[in-house]
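Q: Right, I'll just put the structure down here and ask away after.
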Amino acid sequence: MTRETSSLRGSLAAAGRRLTRERDLLLEIIAKHPHSDAAQIYSLARSKSPRIGLATVYRTLRMLEELNVVESRHLGEGHSHYEMRGRDHLHVICSRCGALADVPLPIDIHKIARGTGFSIAQARLELVGLCPACAARDPD
Ligand SMILES: [Zn+2]
Ligand SMILES: [Zn+2]
């Protein structure tokens, strides 16, 4: 175990109890509003728990990622969007406005796992282009 991982584990354990309420609140928000970024999650969290701070939201999101409950994706704009793990799907993404839609996987992961002997933890594939609104506005 490296020094980073052991101190991370220590801080997760220390943060675990303290952040339980925030953790539950953020999980509920992410489950209801997949693909939200930290700022959106923060404003949704504040409407339920007005005293929550932005730093706590960031810390809790990091912890949820470390616990493999939530995953973040960089959707081409430099900041992360969060969703629950285990929803295997593709994203179609507009490179101009960031519009995003979920698409079911066109492949059978379990079949590929059986065929290759790999244990597959998640699928990552993004199809990037223009959404209908952006394509209509500017066909280039
Ligand atoms: Zn667009
Ligand atoms: Zn998604």
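Bear in mind these aren't lab numbers, they're just calculated from the coordinates by the rules spelled out. These numbers were taken from a predicted model, which means no experiment stands behind them. Every residue, glycine among them, receives a Cβ derived from its backbone with ideal geometry; neighbour counts consider all protein chains shown.
Q: Can you tell me how much longer the chain between Lys32 and Asp102 gets when fully stretched, taken as 0.36 nm per residue apart minus their C-alpha distance, in nm with one decimal?
A: 23.8 nm
Q: Next up: So, with +1 on the Cβ of K and R and -1 on the Cβ of D and E, and no other charges, what is the size of the charge dipole of segment 58-140 about its Cα centre, to the nearest 20 debye?
A: For this selection, approximately 200 debye.
Q: Would you mind putting 27-39, 44-56 in packing order, based on average other-beta-carbon counts within 10 Å, highest first?
A: 27-39, 44-56
Q: Using Cα-only point scatterers and the Debye equation, what is log10 of I(q)/I(0) for segment 88-137 at each q in 0.13, 0.22 Å⁻¹, rounded to two decimals?
A: The computed values of log10 I(q)/I(0) come out as -0.41, -0.77.
Q: Phe118 to Ser80: FRET efficiency via 1/(1 + (r/R0)^6), r the Cβ-Cβ distance, R0 25 Å, to the nearest 0.05?
A: 0.45
Q: So what J values fall out for segment 31-43 if you push phi through Karplus, 6.51 cos²θ - 1.76 cosθ + 1.60 with θ = phi - 60°, rounded to Hz, Gly and Pro as x?
A: Per residue, the Karplus-derived 3J(HN,Hα) values read 5, 7, 10, x, 6, 5, 9, 4, 5, 5, 4, 4, 6 Hz.
Q: Under the 0.36 nm per residue contour assumption, what length would be gained going from the current alpha-carbon distance of His110 and Asp88 to full extension?
A: Additional length available on full extension: 6.8 nm.
Q: So, one more: Over segment 88-137, what is the percentage of antiparallel beta bridges among all DSSP beta bridges, to the nearest 5?
A: That works out to approximately 55 percent antiparallel.
Q: Of the GluC sites (Glu not before Pro) in segment 37-105, which ones lie in a loop per DSSP and count no more than 16 other C-beta atoms within 10 Å?
A: Passing both the DSSP loop test and the Cβ count: Glu77.
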